[in-house]
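Student: Can you read through this structure? Questions will come right after.
The values are calculated or read from the model by the stated rules, or taken from the named source; none is laboratory data. Values in this document were obtained by computation on a predicted structure and should not be read as measured data. Glycine gets a Cβ as well: all are built from the backbone with ideal geometry, and neighbour counts include every protein chain shown. Ligands, DNA and RNA are stripped out before the accessible areas are found, and what is left, the full protein with its side chains, is counted by its heavy atoms. Shrake-Rupley method; radii C 1.70, N 1.55, O 1.52, S 1.80 Å.
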Amino acid sequence: MKILAISGSLRKVSSNTVLLRAAIKLTPPGVEMTLYDALGDIPPFNPDLDDLDNGVAPPSVLALRAALQAVDAVLISSPEYAHGVSGVLKNALDWLVGSGEFSGKPTALINASPRSQHAHASLMEVLRTISFTDVMEGLLTVPLAGRKVDEDSLAADPDVAPVILKTIQALMQAAQAQASSDAPA
Ligand SMILES: Cc1cc2nc3c(=O)[nH]c(=O)nc-3n(C[C@H](O)[C@H](O)[C@H](O)COP(=O)(O)O)c2cc1C
């Protein structure tokens, strides 16, 4: 089973990215989780540049779509900026509305800051809208913003690791259920 982890932050020392790196460390055997690291290459969404009928779009967008097609599930962690979803993440999601890679794709949202309520709710709504399936949320009670954290200590943190693990397990179950419902009768 394959999971694509997407961080909504471009910062080198992003707490959301570190959280996803910890998730990669905690991934159980049989699951391969990779971090998508090209969010900064996605151009501003412009429907004029998106020829869905002929599969023509900017190369970075086609690469993101291919990366999503290749996985069974998606795990997202994103910061909140000005009570909204990070612009780079929302921009990337806009490119995926028409092409449909999120359609029926089990998706879970975790969050490195319990303060980010507005962005979290908004991102849940966007993801539900484009995935047409239940979006799962793993809510951390420990704020990571401002803390010096690395993926090893997070993966061993008794407040953080169980939330990540439970989220991955829920994603795995949802992906298995999706695969069975997609299989020919
Ligand atoms: C311009 C700016 C606006 C922000 N606005 C909010 C906000 O509205 N609510 C909030 O909880 N945090 C806000 N923050 C804090 C970030 O969400 C927080 O620093 C987060 O950890 C950044 O994620 P990262 O470590 O993954 O880059 C803001 C930070 C910046 C730089």
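Student: What shape does the chain take by its C-alpha gyration tensor, where a ≥ b ≥ c are the square roots of the eigenvalues and a/c under 1.5 counts as rounded, a/b above b/c as prolate, and the rest as oblate? Provide the component values of the computation, followed by the final result.
Tutor: On the way: a/c = 1.76, a/b = 1.24, b/c = 1.42.
In terms of gyration-tensor shape, oblate.
Student: For the chain, what is the mean residue ellipticity at 222 nm derived from helices alone (per DSSP H run of n ≥ 4: -39500 (n - 2.57); sum divided by total residues; nearest 500 deg cm²/dmol)? It would help to have the intermediate numbers written out before the result.
Tutor: Values: 6 runs with 77 residues, N = 185.
Helix contribution divided over all residues of the chain: -13000 deg cm²/dmol.
Student: Which of the aspartates and glutamates could a cross-linker bridge to residue 25, judged by Cα under 12 Å and excluding same-chain residues fewer than eight apart?
Tutor: In chain and number order, the partners are 150, 151, 152.
Student: Another question, then. Over segment 37-148, what relative contact order in percent results from Cα pairs under 8 Å that are six or more residues apart?
Tutor: Numbers: 154 pairs, mean separation 28.9, N = 112.
With pairs under 8 Å counted, the relative contact order is 26 percent.
Student: Between rounded, prolate and oblate, where does segment 1-40 land on the alpha carbon gyration tensor, with a ≥ b ≥ c its root eigenvalues, rounded for a/c under 1.5, else prolate if a/b exceeds b/c? Walk me through the intermediate numbers first.
Tutor: Details: a/c = 3.76, a/b = 1.75, b/c = 2.15.
Because a/c hits 1.5 or more and a/b fails to exceed b/c, segment 1-40 counts as oblate.
Student: Exposed loop sites here are trypsin sites (Lys or Arg not before Pro) in DSSP loop states with at most 14 other C-beta atoms within 10 Å. What is the longest stretch of the chain lacking them?
Tutor: Working: sites that count: 11, 12, 115, 147, 148.
Result for the longest clean stretch: 13-114.
Student: Under the classification rounded if a/c is under 1.5, otherwise prolate if a/b is larger than b/c and oblate if not, where does segment 108-153 fall, given a ≥ b ≥ c as square roots of the Cα gyration tensor eigenvalues? Let's see the in-between values first.
Tutor: Numbers: a/c = 3.23, a/b = 2.06, b/c = 1.56.
Because a/c hits 1.5 or more and a/b exceeds b/c, segment 108-153 counts as prolate.
Student: Can you pull the one-decimal nm distance between simple spin-label points at residue 97 and residue 41, each 7 Å off the Cα toward Cβ?
Tutor: Output for this residue pair reads 2.5 nm.
Student: For residue 148, go through the aspartates and glutamates and keep the ones whose alpha-carbon is under 14 Å away, minus same-chain ones fewer than eight residues off.
Tutor: 157
Student: Also, I was wondering about something else. What aspartates and glutamates could a cross-link reach from residue 90, if we take a straight Cα to Cα line under 13 Å and drop same-chain neighbours fewer than 8 places away?
Tutor: Within reach: 80, 125.
Student: Just the number please: accessible area per residue for the chain, 1.4 Å probe, all protein chains included, in Å².
Tutor: Accessible surface, normalised per residue, equals 50 Å².
Student: Of all accessible surface on the chain at a 1.4 Å probe, what whole percent is carbon and sulfur?
Tutor: Working: 5000 of 9250 Å².
Looking at the chain in its full context, I get 54 percent from C and S.
Student: Could you give the nm distance between label points at residue 12 and residue 165, where each point is 7 Å from its Cα heading toward the beta carbon?
Tutor: 3.4
Student: Would you work out which of 59, 88, 144 lies farthest towards the positive end of the dipole of the chain? Charges go on Cβ: Lys and Arg +1, Asp and Glu -1.
Tutor: 144
Student: Give me the number: length gained by fully extending residue 63 to residue 183, i.e. 0.36 nm times residue separation minus the C-alpha to C-alpha distance, one decimal in nm.
Tutor: Length gained, residue 63 through residue 183: 40.6 nm.
Student: In the Gaussian network model of the chain, springs joining C-alpha atoms below 10 Å, which of 70, 170, 155 carries the largest mean-square fluctuation?
Tutor: 70
Student: Please give the charge dipole size of the chain, origin at the Cα centre, charges +1 on K and R Cβ atoms and -1 on D and E Cβ atoms. Round to the nearest 20 debye. Before the final figure, lay out each step's value.
Tutor: Numbers: 13 positive and 20 negative charges, 114 e Å.
Taking the Cα centre of the chain as origin, the dipole is about 540 debye.
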